[in-house]
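Before any comments, here is the structure.
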Amino acid sequence: MISNLISAFLISLAASVILGLIIVPALRRAKAGQSIKEDGPVWHMSKQGTPTMGGIIFILGITVAMFTAGLGEIMNGNYTHLFILAFGMIYGAIGFFDDYQKLKKKQNTGLSAGQKFILQLVAAIAFIFLMRLTGHLTPNLYIPFFNVEIVMNEVVYFILAAFIIVGCVNAVNITDGIDGLATGVSIPVALCYVAISFSWGYVSQGIFAAALAGGLVGFLVFNFHPAKVFMGDTGSLFLGGVICALAFALNIPLILVPLGIVYIIETLSDVIQVAYFKLTHGKRIFKMAPIHHHFEMCGWSEKKVFAVFTAVSAVFAVISYFSVSLRIH
């Protein structure tokens with residue numbers, strides 16, 4: 001199994017780097033430049049025109065790995081990694097259409113929040129049913145750290161699961177606010193899934209997680225500050241989708257709480273800021289939200305925010321691994 005994981009990581013990494021060398025210039029020629037929000041940090045305006053939709057790079061890199069390193073699993077009739085890829089592709093397609101609308105309008109608004117929510121919810125429900133039908137998922141909710149399961153009503157479980165997916169996907173999207181941040185934070189998340197899959201003998205899930213880690217490392221070559229390309233909603237929605245899909249494919253959805261702690265903090269900072277602003281008629285808790293912008297306003301460089309947030313993600317990835325390590329398979 002370990003050879004499959006290493007192969008998936010290296011193939012995805014190499015493919016992403018090679019594809020990046022082709023796709024980044026192509027996006028630049030196509031003038032697929034990012035429009036920067038005017039209410040963001042003023043120094044981010046210098047990034048205006050940086051190519052977006054770069055998530056295509058690691059999406060394709062992972063896809064190459066799925067049909068090479070993952071070919072043995074396909075031949076054995078195990079398609080779990082393909083289900084995860086397909087789910088991510090659906091979310092990536094939603095993001096791609098959103099990015100396309102932004103480029104077409106030449107402003108930082110694409111699909112409406114309502115349109116994205118409905119599309120994401122439908123995709124989440126379809127994936128949950130697929131996982132249930134293929135035996136990967138039960139309505140028994142495993143509680144990390146406590147090593148217990150709560151038996152839930154199936155309908156209630158499906159509703160809860162769908163909203164967990166939509167919430168998590170959009171939390172990843174919010175985290176993608178400075179060069180390399182969502183990419184760096186997500187690498188320890190992917191590696192945690194690799195470790196869990198390996199220790200439990202889940203080859204298909206492990207192959208996908210390893211390919212995800214490799215693809216993100218390859219993409220970081222182009223996305224690290226100063227970024228030559230942004231992942232866009234194409235990448236961030238795909239990334240959020242597969243991070244959720246892996247949790248459900250391993251039947252441990254609540255691991256997303258400790259494992260996705262950075263995504264959660266980013267989202268909560270945004271929600272708290274907006275709520276407090278409305279309640280106090282204009283006062284703010286943070287200098288700017290999401291919280292990565294607050295630290296920028298406090299004088300942190302983008303590289304420092306990247307390093308600290310990625311380190312926090314790595315620590316919680318280790319904690320998350322041990323939170324489910326007692327589960328019996």
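The values are calculated or read from the model by the stated rules, or taken from the named source; none is laboratory data. Just so it is clear, the model here is predicted, and its values are computed rather than measured. Neighbour counts run over all protein chains shown; Cβ positions are idealised from the backbone, glycine included. The protein model used for the area step is the full one, side chains on, heavy atoms only, and it has no ligands, DNA or RNA in it. Shrake-Rupley method; radii C 1.70, N 1.55, O 1.52, S 1.80 Å.
Structure notes:
- Qualifying residue in the stretch 78-86 (condition: outside any helix (DSSP H, G or I) and touching a Gly at 6+ places or on another chain (Cβ under 8 Å)): no
- Filter pass, residue 312 being at pLDDT 95 or above, β-branched (Val, Ile, Thr) and on the phi < 0 side of the Ramachandran plot: yes
Residue-wise test of (1) under 30 Å from residue 230 (Cα atoms); (2) not hydrophobic (A, V, I, L, M, F, W, C).
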site: 86; (1), (2): yes, no
site: 122; (1), (2): yes, no
site: 129; (1), (2): no, no
site: 149; (1), (2): no, yes
site: 155; (1), (2): no, no
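- Qualifying residue in the stretch 293-304 (condition: open to solvent by 20 Å² or more (accessible area, probe 1.4 Å) and on the phi > 0 side of the Ramachandran plot): yes
- With respect to being open to solvent by 50 Å² or more (accessible area, probe 1.4 Å) and either without any contact (Cβ under 8 Å) to a residue 24 or more places away in the chain or of a type in the set (S, T, N, Q) (or both), residue 272 fits the description.
- Output for the stretch 172-190, where each listed residue is open to solvent by 10 Å² or more (accessible area, probe 1.4 Å) and in a helix (DSSP H, G or I): 173, 174, 187, 188
- Filtering 254, 239 for residues that are touching a residue at least 12 places away in the same chain (Cβ under 8 Å), in contact with a strand residue (DSSP E or B) (Cβ under 8 Å, 6 or more places away or on another chain) and part of a helix (DSSP H, G or I) leaves a single hit, 254.
Okay, residues lined up against (1) under 20 Å from residue 214 (Cβ atoms); (2) buried (at least 24 other Cβ atoms within 10 Å of the Cβ):
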position	(1), (2)
58	yes, yes
64	yes, no
82	yes, no
100	no, no
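- The residue of the stretch 2-16 that is farthest from residue 209 (Cα to Cα), among those that are modelled with pLDDT of 95 or more and open to solvent by 40 Å² or more (accessible area, probe 1.4 Å), is 14.
- Pairs linking a residue in the stretch 142-161 that is under 20 Å from residue 122 (Cα atoms) to a residue that is modelled with pLDDT of 90 or more and part of a loop (DSSP other than H, G, I, E, B), with Cβ atoms under 9 Å and 6 or more positions apart or on different chains, are 160/152.
- Within the stretch 217-239, being surrounded by 24 or more Cβ atoms within 10 Å (Cβ to Cβ) and of a type in the set (A, V, I, L, M) holds for 229, 231, 237, 239.
- Qualifying residue in the stretch 280-290 (condition: buried (at least 20 other Cβ atoms within 10 Å of the Cβ), touching a Lys or Arg at 6+ places or on another chain (Cβ under 9 Å) and not in a helix (DSSP H, G or I)): no
- Residue count, the stretch 126-157 (criterion: open to solvent by 70 Å² or more (accessible area, probe 1.4 Å) and within 23 Å of the chain's Cα centre (by Cα)): 2
- If the condition is being in a helix (DSSP H, G or I) and open to solvent by 20 Å² or more (accessible area, probe 1.4 Å), then the stretch 191-216 contributes 191, 194, 195, 198, 199, 200, 203.
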